[in-house]
Each structure stands twice: as C-alpha cells, then as structure tokens.
Amino acid sequence: VAGVNRLDEFVTEVVMEPRDRPLAFAPGQFLFVNFREPFSEQFPPFLRNQFHPFSITSAPGEPTLRITVKAVGDYTRALRALEPGAEAVVEGPYGSFSSRDVPNDRQIWIAGGIGVTPFLSMARSLNGRARDIDFYYCVEHAPEAHFLDELRGIAREREDFRIVLVPRDRDGFLTAERVAREQAD
C-alpha cells in the first residue's frame, strides 16, 4: 500500500504499488484484495485473511493500482485504519463491465454514490478513441461526489464526454423521463 487517501468520513482511496509487474486489466473490471500485515492485526480473527471485491479505479497502464472503498460493513470500516506500508494480496482481474465492449460509441453512463468506481477507470482511460458519452453521477448531497473535479477536468479536455451531477437533495432522483428529455437521441 503506497497511499491511503481518506476522502471523507466514510470513503477511502487506496493506492497500491506492485512488487514486480503491474496488473493487466480492462477499465471497469474488479479484483479481490486481502490486506495483510501489519494491517491484518487490527482485524478481529474472523476478518483476517479474507479477500473482498473492489472495482479498480485506475486506468490501465498507470504505475499504481487504485481502489476506492466506502465504509459500510465491518471489513470496509476497518479499512479506514489502513496505512501505507501494509501488504496487499491482489487476485484478478475479473468481470466484463466495460464501455469498450459496447458496440455503440454513443453511451449514457449512470452511477450512484460509490458505484462511480468502475466508471472512474473507464473515464480515466478514454484517451484515443472518440466517444459520445453523457455521464450522470447521482449522489445524495453534492459534497459526496468524490472525483467530480477530475471528471470535470476530463470533460473539459474532451468534447465527447459530458458529466452531469445529480444531487438527490436538490434535484430528486434521476428518472428515465429526465434522461429521455435531455437525451433526445
């Protein structure tokens, strides 16, 4: 573990460096991670040596491997105490949730809260091929939209990628009617 970024009181980004070669993966895939010594000593015995699934948030080819975790259970709450230097065993990648496998370049992405994680990897790896993507990022409150500045930066650099923040406390839930109204095609 090379870095631990606590984004708020519940969400933590973990940055890992490989011991030898970087993990090859496609944007949108996930992996299983087991955090080891010295971190595992903080877990009660029943939580030690468990592998947990997390979406990869880094883009393929980055020198580090990133995941972002929301503290919603015993294991993910314990990850708030993770510190750089802890060892991690990574298994994967798995899954096929990727925008690259969609034959249509005109796409609408919709993510809610921490469900943004696979889309981060996809957005971070948009270089090259032209797309036409509208990304609705739904959150309860606007300050919970982690990585929004980075996503807006990608949108500024690419006219084919647009980000739409949908805070429920201000706009209500995103509906099919709203998407149809805003996406006439």
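The numbers here are math on the coordinates, done by the rules we state, and not lab data. Predicted model only: the values in this text are computed from it and were never measured. All Cβ positions, even for glycine, are placed from backbone atoms using ideal geometry, and neighbour counts span all protein chains on display.
Some notes on this structure:
- Set of the range 75-118 residues, backbone N closer than 12 Å to the point 7 Å along the Cα-Cβ line of LEU23: 88-95
- Stretching GLU62 away from GLU140 to a fully extended chain increases their span by 25.0 nm, per 0.36 nm per residue minus the current alpha-carbon distance.
- Distances between placed amide hydrogens fall under 5 Å for SER98 paired with no residue 5 or more residues away or on another chain.
- Between GLU157 and SER98, residue separation times 0.36 nm minus the direct Cα-Cα distance comes to 19.1 nm.
- Sorting the Cα pairs of the range 54-143 by distance into bins of 10 Å, from 0 upward, gives 13, 41, 33, 12, 1 percent per bin.
- Anisotropy class of the range 103-185 from Cα gyration tensor, a/c 1.5 cut: oblate
- Phi angles of the range 28-33 translate, via the Karplus equation with coefficients 6.51, -1.76, 1.60 and θ = phi - 60°, into HN-Hα couplings of x, 7, 10, 9, 9, 10 Hz per residue; Gly and Pro are given as x.
- Förster radius 41 Å - calculated FRET efficiency between ALA81 and ASP169 (Cβ-Cβ, nearest 0.05): 0.85
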